[in-house]
1. To the nearest 0.05, what FRET efficiency results for residue 413 and residue 360 with a Förster distance of 41 Å applied to their C-beta separation?
2. Tell me the trypsin sites (Lys or Arg not before Pro) within segment 258-306 that lie in a loop according to DSSP and have at most 10 other beta-carbon atoms within 10 Å.
3. What length, rounded to one decimal in nm, is gained on full extension from residue 135 through to residue 341, with 0.36 nm per residue of separation minus their alpha-carbon distance?
4. Please list, in chain and number order, the residues 5+ apart from residue 257 or on another chain whose amide H is under 5 Å from its amide H, with Hs placed from the backbone.
5. Label-point separation (nm) for residue 94 and residue 226, each offset 7 Å from Cα along Cα-to-Cβ?
6. So, counting K/R as plus one and D/E as minus one, what does the shell of residues with Cβ under 14 Å around residue 137 add up to?
7. Pop a pseudo-label 7 angstrom from the Cα along the beta-carbon direction at both residue 111 and residue 142 and give the gap in nm to one decimal.
8. What's the magnitude of the charge dipole for segment 345-422 around its Cα centre, counting Lys and Arg as +1 and Asp and Glu as -1 at the beta-carbon? Answer in Debye, nearest 20.
Amino acid sequence: MAWFSSRWHHFIFQHRKLNSDLWVLKNTLLPNSRTQFCNCLQSQNIHGQLAGNRLSLTRMPSSIFSNRRSTPNVANSYKGKFQHVQYSTRQDARRTKNLMIATYVSAAVGAVLLTAVGFRFYGRFRKRARGIEEIEVPHCGRRNRVICRYRGYSLPSVLTDTIVNDIPFFEVRPDDVWVVSFPKAGTTWTQEIVYLICNDCDFEKAKATNIEQRFPYLEFPVPGHREITKMDSPRFIKTHVPFSLLPKQLEEKSPKVIYIARNPKDTVVSLLSFLQMTNYFTFTGTTHDFAELFVEGKVLYGPWTKHVMEAWEQRNRDNVLFITYEDLHKDFRGTVREVARFLGKTLSEPQLRNLEQHCSFQNMSDNDSVNYSWMKGIWKEGRFLRKGEIGDWKRHLSPEMSAKLDTMVTSLEPAGLQFVDS
Ligand code: PPS
């Protein structure tokens, strides 16, 4: 007892300063030492509970240890006397609790990350199984860095699932009117012309609703192909999906399809300017770099040649009309008459004159129902209707790049397809 007491005194008074009010000794005491130990504690006015081999000390004078680091030394000094000596203070307990929380949180975060990675790999695996390959495009930002290659086409990754899984099964109606194009070919111009021809040149009606609603973009999430399915007939549908990936019912239902193409040099310049205008795409390379990607077919909906050629091959079908941006520019009235004839409509001279005026570059630029000004969040700078010219490429492309793009055009010539670019 004397020895025990002296050790205990020694322990208490040697280590006065530790800020601790709970001390737990686990598996500490040999049975015959317990009473001695408890008596000792009581004599020091230290209160505690002994349960099994576990002793929790409470209401201990708060200054019995010199510092926390001394605890293991104290423990060591008792090791020989008792079976096991383990000390833990409230701070230790808190730390252990925090450690446990941290462990659970990291386990949960790890699990979430692993699941995300798993889903990503699974997604990739599923895409591969469907014939979709993801490729990285240089000089592009986070949002447009990855594009999907599917059946020879480069598709925007955000639209690929829709294009591959939903568009082929989209329900086509015989009285639909479709405008199909490679991006930046003059699609909006054609849409406005087609809409007005089919609506007896009701300019007020056309101005009342923006073109995205009157003439929705099939594969785009807004309004989305499901909404288009619910629209009243006749529906007007715009798409950049190439012919080979369009709905299977297109052949059987034979709606009117107008394809508009534009020379590749102005197309590439217009496309790059468009990407630079928006907040959603980033391209940090030069115009030359972008044109290289265009030639390689690594821009959205590329390769341009394949897109245009597939449409050209369909031009003799009764329900397909192939026109060019350059036709509209050089002979607006002649081309519009051809479109009207194809749609089974006749335009009077005043209608044609008014339509020409309504569809002039300037008037369309100022017309809030076609100039995409309603998409406020997406524009960084510039205007959707940017230049509206044939030959603007001369200000942007080098002679070498121009020659490369010329070879794309000459590759189409054997099929009888020609483009003017000035
Ligand atoms: S999109 O985003 O793919 O639907 O773009 P798209 O409408 O096909 O093409 C935009 C280019 O067409 C020009 N445009 C016109 N040019 C002349 N007259 C009229 N009325 C007109 N309307 C649209 C538009 O200016 C874009 O070409 P660039 O060369 O960039 O100016």
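1. For R0 = 41 Å, the calculated efficiency reads 0.80.
2. Passing sites in segment 258-306 do not exist.
3. Between residue 135 and residue 341, full extension yields an extra 69.9 nm.
4. It is 178, 320, 321, by chain and number.
5. 5.1
6. Once positives and negatives cancel, what remains is -1.
7. Once both label points are built, they end up 2.7 nm from each other.
8. 280
Every number here is computed from the coordinates shown, using simple stated rules; none is lab data. Quick caveat, the model's predicted, so the values are computed rather than measured. Virtual Cβ from ideal backbone geometry, glycine too; neighbours counted across all protein chains shown.
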